[in-house]
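K.L.:
This is the structure I want to talk about, given as structure tokens.
The values are calculated or read from the model by the stated rules, or taken from the named source; none is laboratory data. Note that this is a predicted model, so its numbers are computed, not measured. Cβ placement follows ideal geometry from the backbone for every residue including glycine, while neighbour counts extend to all protein chains displayed.
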Amino acid sequence: MKNLFLLFSLFAFTTLQAQQSNISGKVLDGENKAVGYANVLLLKAADSSLVKGALSEDAGTFLFEGIAAGNYKVVASMVGQGKASSAVFSVSGNAGTINLEPILLKQSATNLKEVVIEGQRPLIEQQFDMTVMNVENSIVAAGNTALDVLEKAPGIVVDQNDNISMRGRQGVMVQVDGKQVPMTGTELANYLKGLSASSLDKIELITNPSSKYDAAGNAGIINIKLKRDKSLGTNGSFTTSFGQGRYSKGDMSLQLNHRAKKMNVFGGLNYANRKNFSELDFVRNFIDNGEATGGYEQQNIFNFTGINYNGRFGVDYFITPKTIIGVVGTSFISDLDRDNTNKALFFDAQRNPLRRAVTDADVAHSRSNQSLNLNLKHTLDSLGREVTADIDYITYNNDDIQDFAIRSMNLSSEPIGNPALLHGDLEGKLTIRSAKADYVQPLPALGAKLEAGVKSSLVNADNDQKFYDRTEGRNELISGRSNRFKYEENINAAYLNTNKKWERASLQLGLRLENTIATGEQLADVVNEDDRKFDRNYTQFFPSAFVGYNLNKKHELGVSLSRRINRPSYGQLNPFKNLIDAFTVSSGNPYLKPELSYSFELTHTFDKRFTTKLSYSHTTDVIVNVLSRESEDENVVIQTFRNLAKHDYYGLTMTMPFSVGNWLNSMNNATVYYGKYRGNLGTTTLNAGMPTLNFNSNNTIKLTNGWSAEVIGVYRTSEVYGFLEVDPIWSMSAGVQKQLWDKKASIKLNVSDIFYTSQVHGKTVMADYTETFDQRRDSRVATLSFNYRFGGSQVAPARRRTGGAEEEKSRAN
């Protein structure tokens, strides 16, 4: 009954009167002939900022719908025919259509950039429903990776295990151009490390998405937008950089785009060769019935050399101004070599030293990910009724080769027996097939819009891991560490979403239905036959709602509610036991349940600049990373994922921009949150929480003669993630930039983590185990970069290229 009431509500409110208008016109050439496929922009008269863009029909006509009251002008342009502008006109807000005089194109040398894109977007923009970080304008981002940039984004934290959280909540959905990245955890971090910041346009942080998005990602969405297809003609950019910390880091990026009358061809290549290190020291103590039984301390030195190739190629073909078909292919190839030395000192219950151990490891990670997307967009009529469809085929292949040499020694460092030699070989393949279709029904006379869509995805994963004991020339399979795991998943979804705008209020209601069918099977020997295979089949509803109201010209209010899910990634379900070092094992958990969250957010905006958000969420079956002793070896600690009963989150976020004259712009974001974890795992009862402050300050300084500077500061107090408590951390980065050659080129110099304070310290406390750790990385890096932009600069309408496999791809690890 409740669902019927919601569906009824989706349509009932759309019968109210709107206060918006349509604008129509025609583009002609110097001979008064119709100009089809012309680039038509609707601009605000006051500052020439872009409101909407479109292509003219074959007959030269164009139409902008749902335009609010205000003063506007229309600018039309066409390659080879120059540009022209309409006179300034007013929209009163009364429903109806304003018919403009024909716009006549004539040959002109004037460049459209003088009208639209000369102004620079601020580094951080706080919009009503999202926070936007304009990476393209960032000096500090130059020469860095996408992961480095994310660490400096407001409210984003990347922990010592490369897990990404937003405003203190994990379970974030990461997308690139609206398509979810096919990895989580370390795999996701390695992908983002291979993506150069020079190829990024901006990052969108969406904390409470509507039902038209996949229900995955209960902490919100991070959407990374790449630079592409902004201009007519042939254009592109080339970027190269060199950075030096303890080790060197370099990358090169080339972006190309050619937009003609009926076709748009785009692509990009990115190459990165980066060497890094991580130093990790920790002390582990084992406990039995409240009494210490011993433990050990370790010093780990990890050296990483990563080479990444990232390519993207696509074509859009404009069959008519109303019908566009496209194909997009991507490829990501990564080779990451890791060598590390682990030194361990064992002690007894009284912390008296017992013996030593040294482990040398050489690990090669190879990743190859390819995807192909076919897409269609068709506008049914001049009202803007639209159908879009996507078909995706994606494959991910991984191959890990691991070699460990473990030497046991007495306190005098004399060897005890022969070194233990272990060899591991892991091969895995994941295939995703996905299809989706979406329909948009504008209701311009009512100021409303209806959206609906369906989606189906099929996932197949097959991972085979073999471990061998090669001590003293042997090559014996270790059955306890070898396994094969096969997983299949089918998700079918449908959604209905609608929104309505009045003069001072807006309303959005949505409902998403998702059915999940999954099976998993271990083909290796299992202790309990019931653990060999599992089957799941469940159907769930995910509603969303948003209400906005303009109290007056200075104050706006908004309230949003949603229910979301965070399914375990495919890697988190994989039961394989992978060696991190001789005494640390990571493993998945095939019996993980998905997290379910209810979220609430109240937003107040003052003067369209100062934003305050109050947030609350309640999550059940929280997925947490747990460290515990492995039963096979009392000295080995296993790192795996478990479900905790629940997590309650309370948050207050404040965005505070200010400026000094026209030379300093500062955007400051402060989030205070409190997360309460509750539940039982084994013999440990958790009832922990801690208030945390996360502060981010982004400052841009305009200097003379084409010079500018940027300073970014980040500070976070102590924080709790389940059983893990992390100490406070802060860092500062700064850079300068010089514009060259009429702003077609720039050279940037920046230093990240200037004071080398981005070091992580923390502890884990369980009933039978405790651990304290300190981690240092190659975070202080000086980088010099050069960027050159070439070709045309006439802005063209954007083309949506989000595929249908977003949610599945985010869980491909």
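K.L.:
Kindly provide the set of residues from the stretch 440-452 that are small (Gly, Ala, Ser), at negative phi and either crowded, with 18+ Cβ neighbours inside 10 Å or not in a strand (DSSP E or B) (or both), ordered by number.
P.N.:
Answer for the stretch 440-452, where residues must be small (Gly, Ala, Ser), at negative phi and either crowded, with 18+ Cβ neighbours inside 10 Å or not in a strand (DSSP E or B) (or both): Ala445, Ala448.
K.L.:
Restrict the check to the stretch 528-541 and report whether at least one residue is modelled with pLDDT of 80 or more, surrounded by 14 or more Cβ atoms within 10 Å (Cβ to Cβ) and not in a strand (DSSP E or B).
P.N.:
no
K.L.:
In the stretch 714-740, which residues are buried (at least 17 other Cβ atoms within 10 Å of the Cβ) and of a type in the set (Gly, Ala, Ser)?
P.N.:
Gly722, Ser731, Ser733, Ala734, Gly735
K.L.:
What pairs can you find where one residue is in the stretch 47-61 and modelled with pLDDT of 80 or more, the other is in a loop (DSSP other than H, G, I, E, B) and of a type in the set (Asp, Glu), and their Cβ atoms are less than 9 Å apart, with a gap of 6+ or different chains?
P.N.:
Gly60/Asp29
K.L.:
Please work out if Ile638 is farther than 29 Å from Phe286 by Cα and either not assigned by TED's automatic domain parsing to the domain that holds Asp148 or not acidic (Asp, Glu) (or both).
P.N.:
no
K.L.:
Output the residue which, of all residues in the stretch 544-584 that are within 30 Å of Ile406 (Cα to Cα) and aromatic (Phe, Trp, Tyr), is surrounded by the fewest Cβ atoms within 10 Å (Cβ to Cβ).
P.N.:
The extreme case among them is Phe583.
K.L.:
Would you pick out the residues in the stretch 585-618 that are among the hydroxyl-bearing types (Ser, Thr, Tyr) and in a strand (DSSP E or B)? Steps first, answer last, please.
P.N.:
Step one: filter the stretch 585-618 for residues among the hydroxyl-bearing types (Ser, Thr, Tyr), giving 586-587, 591, 597-599, 603, 605, 611-612, 615-617.
Residues satisfying the conditions are Ser586, Ser587, Ser597, Tyr598, Ser599, Thr603, Thr605, Thr611, Thr612, Ser615, Tyr616, Ser617.
K.L.:
Would it be correct to say that Asn398 is in contact with a helix residue (DSSP H, G or I) (Cβ under 9 Å, 6 or more places away or on another chain), within 30 Å of Asp469 (Cα to Cα) and not in a strand (DSSP E or B)? Walk me through how you get there before you give the answer.
P.N.:
On the way: in contact with a helix residue (DSSP H, G or I) (Cβ under 9 Å, 6 or more places away or on another chain): yes; within 30 Å of Asp469 (Cα to Cα): yes; not in a strand (DSSP E or B): no.
The answer is no for Asn398.
K.L.:
Residue check, Ser587 against (1) modelled with pLDDT of 90 or more; (2) surrounded by fewer than 19 Cβ atoms within 10 Å (Cβ to Cβ); (3) of a type in the set (S, T, N, Q), all met but one. Which one?
P.N.:
(1)
K.L.:
If I ask for residues that are of a type in the set (Ser, Thr, Tyr) and closer than 30 Å to Gln737 by Cβ, which ones from the stretch 665-708 would you list?
P.N.:
In the first step, residues of the stretch 665-708 are kept if they are of a type in the set (Ser, Thr, Tyr); the result is 666, 671, 673-674, 677, 683-685, 692, 697, 700, 704, 708.
The answer is Ser666, Thr671, Ser697, Thr700, Thr704, Ser708.
K.L.:
How do the strands (runs of 3 or more DSSP E) wholly within the stretch 87-192 filter down when requiring 1 or more residues that are modelled with pLDDT of 75 or more and under 21 Å from Glu204 (Cβ atoms): which remain? Don't jump to the end; show me each part of the working.
P.N.:
Numbers: elements: 89-91, 97-99, 124-126, 131-133, 156-158, 164-166, 173-176.
It comes to 131-133, 156-158, 164-166, 173-176.
K.L.:
Let me ask you something else. Restricting the stretch 507-526 to residues that are of a type outside the set (A, V, I, L, M, F, W, C) and buried (at least 21 other Cβ atoms within 10 Å of the Cβ), which is farthest from the chain's Cα centre (by Cα)?
P.N.:
Filtering the stretch 507-526 for residues that are of a type outside the set (A, V, I, L, M, F, W, C) and buried (at least 21 other Cβ atoms within 10 Å of the Cβ), the one farthest from the chain's Cα centre (by Cα) comes out as Gly520.
K.L.:
Return a yes/no flag: does the stretch 332-342 have any residue that is assigned by TED's automatic domain parsing to the domain that holds Thr471, closer than 20 Å to Phe282 by Cα and loosely packed, with under 15 Cβ neighbours inside 10 Å. Steps first, please.
P.N.:
If we filter the stretch 332-342 for residues that are assigned by TED's automatic domain parsing to the domain that holds Thr471, which is where we start, we get 332-342.
Retained after the next criterion (residues that are closer than 20 Å to Phe282 by Cα): 338-342.
Still in the list and also loosely packed, with under 15 Cβ neighbours inside 10 Å: 341.
The answer is yes; a qualifying residue exists.
K.L.:
If you don't mind, another one. Tyr715 passes all but one of (1) touching a helix residue (DSSP H, G or I) at 6+ places or on another chain (Cβ under 9 Å); (2) over 23 Å from Ser198 (Cβ atoms); which number fails?
P.N.:
The one condition Tyr715 does not meet is (1).
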